[in-house]
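A short write-up of the structure that comes next.
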Amino acid sequence: MTPQPTLHDPAFRRRALQHLSQVDPAMGRWIREQGDIWPVRKVSYFVLLCRIILDQQISVQAGRTIFGRWRRSLARFDAE
């Protein structure tokens, strides 16, 4: 099974832009003026992965803290 092309593939993106230019003249003019506006990643994948992991860990810890506070605030109802 061959993978589906995505807009990350420059050749596929070029074909998609050509198609849009053909079916919509206004879009075609805009594409010719702007060119390929696909964002270029300026950060390394390693740095991005580290940030994702750190953000997740901080989020998990924050969630535990909030849940703990909530649970303690309702502790008086557990006794009844």
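The values are calculated or read from the model by the stated rules, or taken from the named source; none is laboratory data. Given the structure is predicted, the values throughout are model-derived calculations rather than measurements. Here the Cβ is made from the backbone with ideal geometry for all residues, glycine too, and neighbour counts use every protein chain on show.
Key figures
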| read-out | value |
| --- | --- |
| Subset of the range 6-20 [part of a helix (DSSP H, G or I) and of a type in the set (S, T, N, Q)] | Gln18 |
| Subset of the range 23-80 [within 24 Å of Thr6 (Cβ to Cβ), surrounded by 10 or more Cβ atoms within 10 Å (Cβ to Cβ) and of a type in the set (Lys, Arg)] | Arg32, Arg51 |
| Pairs where the first residue, in the range 26-53, is over 13 Å from Arg14 (Cα atoms) and the second is at pLDDT 85 or above, C-beta under 8 Å, 6+ apart | Met27/Leu20; Met27/Ser21 |
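Per-residue answers, yes or no, for (1) at pLDDT 90 or above; (2) outside the structural domain of Arg13 (by TED's automatic domain parsing):
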residue	(1), (2)
Met27	yes, no
Asp36	no, no
Phe46	no, yes
Leu49	no, yes
Ile53	no, yes
Gln57	no, yes
Arg64	no, yes
Phe67	no, yes
